[in-house]
1. For E96, indicate whether it is loosely packed, with under 10 Cβ neighbours inside 10 Å, out of contact with any Asp or Glu (no Cβ under 8 Å at 6 or more places or on another chain), farther than 30 Å from V171 by Cα and assigned by TED's automatic domain parsing to the domain that holds L167.
2. Look through F86, F79, F65 and report the one residue that is out of contact with any Pro (no Cβ under 6 Å at 6 or more places or on another chain), assigned to a helix (DSSP H, G or I), of a type in the set (F, W, Y) and in contact (Cβ under 8 Å) with a residue 40 or more places away in the chain.
3. Would you pick out the residues in the range 140-153 that are surrounded by 16 or more Cβ atoms within 10 Å (Cβ to Cβ) and within 18 Å of Q50 (Cβ to Cβ)?
4. Are any residues in the range 157-168 within 23 Å of the chain's Cα centre (by Cα) and modelled with pLDDT under 90, and if so, which ones?
5. Tell me the residue from E180, E104, E121, E129 that is surrounded by 10 or more Cβ atoms within 10 Å (Cβ to Cβ), within 22 Å of R46 (Cα to Cα) and not small (G, A, S), please.
6. Within the range 51-61, can one find any residue that is outside any helix (DSSP H, G or I), in contact (Cβ under 8 Å) with a residue 24 or more places away in the chain and among the small types (G, A, S)?
7. Report, by residue number, each residue of the range 107-118 that is among the acidic types (D, E) and surrounded by 13 or more Cβ atoms within 10 Å (Cβ to Cβ).
Amino acid sequence: MFAVNLMSVFCMRKIKRSISGFVCLALLLLAGASYADKIAYVDARRLIDQAPQGKLEVRKLEEAFSVRNRELRSKFELFRSQKTEFEKNSVLMPTEEAEEKAKELRYMQRDLEREQRQYNEDYAEVRNEGLARLENMISQVIVDIAQKQNIDLVLQQVVYASDRINLTDTVLEELEKQFEQ
């Protein structure tokens, strides 16, 4: 009974903190809105997905890793076929030969798993570097546009924003211009 009461008190405190945090954030935004003459919003996810620079980054990434990906897939296929063949024929093999083949398959699987992990790490590292470059470029374009249009505040994550304050299309147009140059 005590544990239930303690849990409910803990949960209520957590809810109160999150509600008060939300209320504080809302008040700060309202206060900021009263000081900011012009507020704008950009959809960062859409900018990353639709910017020609982002599409180029994705294409470069795919090209850079396509050969390695194909090699890895062919190794996995070879492993699967050898494992399937072993499972069919292991009953007919002498015990020593079956044990040796099973050991060989375990080593092969371990090597493939290690290669897969390394591939995933390398892919993620290159992808994250490209994404960071793209985000920096997009941020700079947003800042330039905001300064040119005398915008006081640009938000990226909001629950709702009207089309009247949405700068996403303007930023995309500028990114396309820069890409063409």
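The values are calculated or read from the model by the stated rules, or taken from the named source; none is laboratory data. Note that the structure is a prediction, hence the values are computed from the model and not measured. For neighbour counting, all protein chains shown are included, and Cβ atoms are generated from backbone atoms with ideal geometry for every residue, glycine included.
1. Numbers: loosely packed, with under 10 Cβ neighbours inside 10 Å: yes; out of contact with any Asp or Glu (no Cβ under 8 Å at 6 or more places or on another chain): yes; farther than 30 Å from V171 by Cα: yes; assigned by TED's automatic domain parsing to the domain that holds L167: yes.
It is true that E96 is loosely packed, with under 10 Cβ neighbours inside 10 Å, out of contact with any Asp or Glu (no Cβ under 8 Å at 6 or more places or on another chain), farther than 30 Å from V171 by Cα and assigned by TED's automatic domain parsing to the domain that holds L167.
2. On the way: F86 fails: in contact (Cβ under 8 Å) with a residue 40 or more places away in the chain; F79 fails: in contact (Cβ under 8 Å) with a residue 40 or more places away in the chain.
Being out of contact with any Pro (no Cβ under 6 Å at 6 or more places or on another chain), assigned to a helix (DSSP H, G or I), of a type in the set (F, W, Y) and in contact (Cβ under 8 Å) with a residue 40 or more places away in the chain holds for just one of F86, F79, F65, which is F65.
3. Passing the criteria: V141, I142, I145.
4. Matches in the range 157-168: Q157, V158, V159, Y160.
5. Answer to the selection: E129.
6. Here is the first cut: in the range 51-61, the ones outside any helix (DSSP H, G or I) are 51.
Retained after the next criterion (residues that are in contact (Cβ under 8 Å) with a residue 24 or more places away in the chain): 51.
Okay, now just the ones that are also among the small types (G, A, S), so 51.
Among the residues of the range 51-61, at least one is outside any helix (DSSP H, G or I), in contact (Cβ under 8 Å) with a residue 24 or more places away in the chain and among the small types (G, A, S), which makes the answer yes.
7. Quick first cut of the range 107-118, residues among the acidic types (D, E) only: 111, 113, 115.
If the condition is that a residue be among the acidic types (D, E) and surrounded by 13 or more Cβ atoms within 10 Å (Cβ to Cβ), then E115 is the only one that fits.
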